[in-house]
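Undergrad: Below is a structure I'd like to ask you about.
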Amino acid sequence: MKNFTIRALLQKLGGLTVCLILAGVAQAQVPISLEKSLELARQNNVALRQAKYNSTRADIGVRRSKYSYLPSITASADVSRSNGLFFDNVAGEVKRGNTSTSQPYLVGQVVLFDGFTKLHELKQAKHNANAYTYAVQQAEIDFETNVTAYYLQALVDRENIHIAEDRIKLLQGQLEKIEIQERAGVRAQDEVYQIKAQLATEKLNLITHQNNFRRDKLQLVQEMNVEGNPDYELLTPDTPEDINMLLPAEAEIMQRALGHSPGVKSSAATLDAAKSNLKVIRSNFSPTLSSKESTAPTTPATFM
């Protein structure tokens, strides 16, 4: 009975070991570079997808505004049913019975003048399309900036973790030596407490850096919007050769930003769209002149 119990326990421990090994393999870190992070974010970023969807919808609005210039055509049919005497136009005589008469017709209408409402609506749609196009470019800049910032900050936090771990090892070694010297009467006890306080501070800093590292990696994964919960190993990017180049003056930077920023251009296009919308509202006060043409058969269809 005892041998059976030991054998069952060993089998359970063996199964648990296999599960732990498989879990460790499943949670193995996947190396990822900054370029790969930007590529994944470009494919899956929610804000960028939403901006592209809005841009496509705005382009459809431009086409719809252009199609509004086309004449409108309406097809209808008048159906009537009578019981009793009626005159048959085909036979040229009066008949009695139940008859159904159908008269289909087409109506075409063209707006000749509407106070330039359609013109201003088309301009508004074009301005909205330009605004959303610039919004897509701004979304690309935003996610590239966020991914790069989270990636580099995570690298900094990882280095801070290594520095804190090295300082803890150094302080622990110093603490052991000072404690030996303090017991021998060479060092004072306050020196031991001072090293312990520094060691406690470094352990607190280590926990802070570890939490910051996990937070930045989580923000990076959320920005990339990848499925599951992958554990990435961040690769250190190569240092560019011109990293020490001189930055331009602040006034020059502001001038370039105002001239090339998609966010500024998007806001300007949105303002133009609002101005066109105001013109559309004002155009609604003017009368509308339209031409209507109707076509119908000269003789309605009659069914007995």
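Undergrad: If I go through region 50-59 residue by residue, how many of them are under 12 Å from Gln137 (Cα atoms) and crowded, with 20+ Cβ neighbours inside 10 Å?
TA: 2
Undergrad: For residues that are within 23 Å of the chain's Cα centre (by Cα) and not in a helix (DSSP H, G or I), tally how many sit in region 33-77.
TA: Of the residues in region 33-77, 2 are within 23 Å of the chain's Cα centre (by Cα) and not in a helix (DSSP H, G or I).
Undergrad: Something else now. Which numbered condition trips up Val186, out of (1) out of contact with any Phe, Trp or Tyr (no Cβ under 7 Å at 6 or more places or on another chain); (2) in a helix (DSSP H, G or I)?
TA: (2)
Undergrad: Does at least one position in region 253-272 carry a residue that is in a helix (DSSP H, G or I), touching a His at 6+ places or on another chain (Cβ under 6 Å) and either of a type outside the set (Phe, Trp, Tyr) or closer than 29 Å to Ala135 by Cα (or both)?
TA: yes
Undergrad: For region 92-115, how many residues meet the condition of being among the aliphatic types (A, V, I, L, M) and more than 13 Å from Ala75 (Cβ to Cβ)?
TA: Looking only at that region, the number is 4.
Undergrad: Next question, about the same structure. Those residues that are open to solvent by 80 Å² or more (accessible area, probe 1.4 Å) and free of Cβ contacts under 8 Å to residues at least 12 places away in the same chain, I need them from region 212-237; list them, please.
TA: If the condition is that a residue be open to solvent by 80 Å² or more (accessible area, probe 1.4 Å) and free of Cβ contacts under 8 Å to residues at least 12 places away in the same chain, then Arg214, Arg215, Leu218, Gln222, Glu227, Asn229 are the ones that fit.
Undergrad: Run Ser33 past the list (1) modelled with pLDDT under 70; (2) under 30 Å from Val226 (Cα atoms) and report the number of the one that doesn't hold.
TA: Here Ser33 clears every test but (1).
Undergrad: With Ala47, Ala77 as the choices, which residue is modelled with pLDDT of 65 or more, surrounded by 10 or more Cβ atoms within 10 Å (Cβ to Cβ) and either among the acidic types (Asp, Glu) or within 30 Å of Tyr134 (Cα to Cα) (or both)?
TA: Ala47
Undergrad: Next question, about the same structure. Would you confirm whether any residue within region 282-299 is part of a helix (DSSP H, G or I), at pLDDT 80 or above and closer than 27 Å to Val111 by Cβ?
TA: Yes; the residues of region 282-299 include at least one that is part of a helix (DSSP H, G or I), at pLDDT 80 or above and closer than 27 Å to Val111 by Cβ.
Undergrad: Regarding region 189-199, can at least one residue be identified that is within 30 Å of Val46 (Cβ to Cβ) and open to solvent by 60 Å² or more (accessible area, probe 1.4 Å)?
TA: No; the residues of region 189-199 include none that is within 30 Å of Val46 (Cβ to Cβ) and open to solvent by 60 Å² or more (accessible area, probe 1.4 Å).
Undergrad: Within region 104-116, is even one residue open to solvent by 80 Å² or more (accessible area, probe 1.4 Å), within 30 Å of Thr148 (Cβ to Cβ) and modelled with pLDDT of 85 or more?
TA: The answer is no; no qualifying residue exists.
Undergrad: When the residues of region 149-183 are filtered to those that are surrounded by 17 or more Cβ atoms within 10 Å (Cβ to Cβ) and of a type in the set (S, T, N, Q), which remaining residue is nearest to Asn54 (Cα to Cα)?
TA: Looking at the filtered set, the residue picked out is Gln153.
Undergrad: Right, Val186: over 24 Å from the mean Cα position of the chain (by Cα), open to solvent by less than 70 Å² (accessible area, probe 1.4 Å), modelled with pLDDT under 90 and over 27 Å from Arg49 (Cα atoms) or not?
TA: No; evaluated as a whole, the condition is false for this residue.
The values are calculated or read from the model by the stated rules, or taken from the named source; none is laboratory data. Predicted model only: the values in this text are computed from it and were never measured. Quick reminder, even Gly has a Cβ in these numbers, built from the backbone with ideal geometry, and neighbours come from all protein chains shown. Only protein heavy atoms, including side chains, enter the accessible area calculation; ligands, DNA and RNA are left aside. Shrake-Rupley method; radii C 1.70, N 1.55, O 1.52, S 1.80 Å.
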